[in-house]
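The values are calculated or read from the model by the stated rules, or taken from the named source; none is laboratory data. Bear in mind that the values here come from a model prediction, so they are computed numbers and not experimental data. Note: ideal-geometry Cβ built from the backbone for every residue, glycine included; neighbour counts use all protein chains shown.
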């Protein structure tokens with residue numbers, strides 16, 4: 001996972017208390033200072049959501065069943081409140097993401113690849129359906145890495161991953177790196193050059209090869225197509 005600065009302990013603890021109270025359906029009373037701190041944390045969370053999901057504030061809001069200004073209003077200079085617990089829970093449930101009290105401790109980076117939900121952008125659903133061609137094991141993912149840039153797949157692209165595919169040398173693949181001691185897994189995209197996974201990238205931090213041992217490093221699927229949503233071009 002990629003490291004991100006962690007909030008000071010008192011603030012982090014306060015957020016967990018707020019989250020716990022929110023789960024009980026209680027909006028906790030907060031001081032003006034804490035309210036301001038919460039609002040700043042919620043702003044960072046919303047900006048993180050935009051980057052993670054590749055969606056605008058209004059799109060995230062409406063996809064979660066809220067007003068299109070729910071997430072954006074906390075950035076207004078004359079608005080002095082954090083998000084409500086109800087709004088936070090709606091976003092967490094809709095997109096299966098960590099909340100404001102957790103996102104800065106889980107890290108963000110290449111490990112945060114996303115299974116893409118076409119419901120969040122209905123205009124792309126027809127493209128995805130055509131590329132799936134009735135194959136239930138083919139699912140869309142949004143790239144958050146430069147690891148495949150030299151073969152034409154850029155960060156932000158949608159790639160179609162065949163979970164039943166058998167990788168051949170030179171194939172782009174989706175894989176997981178397991179940390180059995182820590183109980184976590186990291187999703188990465190690489191090119192399969194048996195018995196290793198390698199990056200097709202100019203970014204030096206991605207160049208270390210990964211040995212596919214089917215224990216720590218496991219290939220989950222083969223990339224069988226991609227397209228760039230911003231251009232709505234012909235699928236590649």
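For segment 144-153: of the residues being over 14 Å from the mean Cα position of the chain (by Cα) and closer than 17 Å to residue 205 by Cβ, which is surrounded by the fewest Cβ atoms within 10 Å (Cβ to Cβ)? By that ranking, first place goes to 150.
Quick check on this structure: which one of 168, 200, 147 is more than 21 Å from residue 227 (Cα to Cα), at pLDDT 90 or above and assigned to a loop (DSSP other than H, G, I, E, B)? Give the derivation first.
Details: 200 fails: more than 21 Å from residue 227 (Cα to Cα); 147 fails: more than 21 Å from residue 227 (Cα to Cα).
Testing whether each residue is more than 21 Å from residue 227 (Cα to Cα), at pLDDT 90 or above and assigned to a loop (DSSP other than H, G, I, E, B) leaves just 168.
Condition check ((1) in contact with a strand residue (DSSP E or B) (Cβ under 6 Å, 6 or more places away or on another chain); (2) under 19 Å from residue 198 (Cα atoms)) across all residues:
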| residue | (1), (2) |
| --- | --- |
| 128 | yes, no |
| 134 | no, no |
| 150 | no, yes |
| 156 | no, no |
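So residue 77 fits all but one of (1) touching a helix residue (DSSP H, G or I) at 6+ places or on another chain (Cβ under 7 Å); (2) part of a loop (DSSP other than H, G, I, E, B); what number is the exception? Of (1) touching a helix residue (DSSP H, G or I) at 6+ places or on another chain (Cβ under 7 Å); (2) part of a loop (DSSP other than H, G, I, E, B), only one is false for residue 77: (1).
The C-beta contact set for segment 181-193 (first residue outside the structural domain of residue 143 (by TED's automatic domain parsing), second residue crowded, with 20+ Cβ neighbours inside 10 Å and modelled with pLDDT of 90 or more, distance under 6 angstrom, 6+ apart or interchain) is empty.
Restricting attention to segment 178-195 and to residues that are over 17 Å from residue 223 (Cβ atoms) and not in a loop (DSSP other than H, G, I, E, B), the residue that is modelled with the lowest pLDDT turns out to be 184.
State whether the residues of segment 95-102 include one that is surrounded by 14 or more Cβ atoms within 10 Å (Cβ to Cβ), part of a helix (DSSP H, G or I) and at pLDDT below 85. Yes, there is a match, as at least one residue in segment 95-102 is surrounded by 14 or more Cβ atoms within 10 Å (Cβ to Cβ), part of a helix (DSSP H, G or I) and at pLDDT below 85.
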